[in-house]
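Comments concern the structure below.
The values are calculated or read from the model by the stated rules, or taken from the named source; none is laboratory data. Quick caveat, the model's predicted, so the values are computed rather than measured. Positions of Cβ are backbone-derived with ideal geometry, glycine not excepted, and every protein chain shown enters the neighbour counts.
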Amino acid sequence: MLRIVRMRWVGMWVAVALLLAGRADAFNIVFNGPGGFGISAASAASAAAAGVPIFDVDALAVAADLGIVIPAPNVQSFHLVGTASVANPNTASSLWTVNDAGAQPLDSAWLVFTNPETYTANLVGFEIDPNAGWALFDVVAAGQDYFYPAVSLGDVPAGDAITFTMHHRVGQTLNTTAGGKLILPQYHVAALEGLPEPAGLGLVVAGIAVAAVVLRRNH
């Protein structure tokens, strides 16, 4: 099983500075990466500047191979606009439930969103909030960097489940069912184990702060 712990130094020090100053802001993304996979390098750079951690990851696992099962998310709220665009999107919130249906627990696991399966990729996205365990994974394939949004699931015991809320942003008209229910974008997902949540960076910050105090006292 792949276990990656490499975090970009620039992203780490940006995150350290933001943690020292206060909470990082949520960042809105659309899937404007190559072929609709992930987000563009320019968007990833903007996300890093906003405090979103970026991890270099060698490869991703198939979510089902780790026993991950995800039922259809429940729509919690929505706001529709007259003429939707990326700048003025339809928005909605949905509750996701991620089940560990495998025989083994998930260890420091992540759910990774690679590309939308419905709607137009570069018009579809959501909010990624580092305060809620979101990050970007940089995966290189055929010499091309793909920046995938990922949310930390943490440790999930076998047979257990974890939930999180997704805040969708869709720059086009949302479809509805025959019964009038909104049809939110569906995503192809992958997974990763063995990478602690960026919240652990707070311990790094604390260590740096203590070291700085010690250095000042010694001088």
Given the conditions (1) farther than 17 Å from Ala44 by Cβ; (2) surrounded by 15 or more Cβ atoms within 10 Å (Cβ to Cβ), every one holds for Ile128 apart from (1)
Note on Ala45: of the conditions (1) in contact (Cβ under 8 Å) with a residue 12 or more places away in the chain; (2) part of a helix (DSSP H, G or I), unmet is (1)
Among Asp145, Asp160, Asp129, Asp155, the single one that is touching a helix residue (DSSP H, G or I) at 6+ places or on another chain (Cβ under 7 Å) and among the charged types (D, E, K, R) is Asp145
Taking segment 71-84 and keeping residues within 20 Å of Val189 (Cβ to Cβ), touching a Ser or Thr at 6+ places or on another chain (Cβ under 7 Å) and assigned to a loop (DSSP other than H, G, I, E, B) leaves Pro71, Pro73
Please determine whether any residue of segment 140-157 is among the aliphatic types (A, V, I, L, M), at pLDDT below 95 and at positive phi. yes
Of a type outside the set (D, E, K, R), more than 18 Å from Phe164 (Cα to Cα) and part of a helix (DSSP H, G or I), is that true of Asn115? no
> Is there a residue in segment 61-69 that is at pLDDT 95 or above, buried (at least 18 other Cβ atoms within 10 Å of the Cβ) and closer than 29 Å to Val86 by Cβ?
Replying inline: yes
All conditions in (1) closer than 29 Å to Ile183 by Cβ; (2) within 17 Å of the chain's Cα centre (by Cα) are true of Ser108 except (1)
Checked Gly180, Gly171 against criteria (at pLDDT below 95, of a type outside the set (D, E, K, R) and over 17 Å from the mean Cα position of the chain (by Cα)); the one match is Gly180
Selection from segment 143-190 of residues over 30 Å from Ala103 (Cα atoms), among the polar types (S, T, N, Q) and in contact (Cβ under 8 Å) with a residue 60 or more places away in the chain yields Gln144, Gln172, Thr173
Filtering segment 166-199 down to residues that are exposed (fewer than 14 other Cβ atoms within 10 Å of the Cβ) and in a strand (DSSP E or B) yields Asn175, Thr176, Ile183, His188
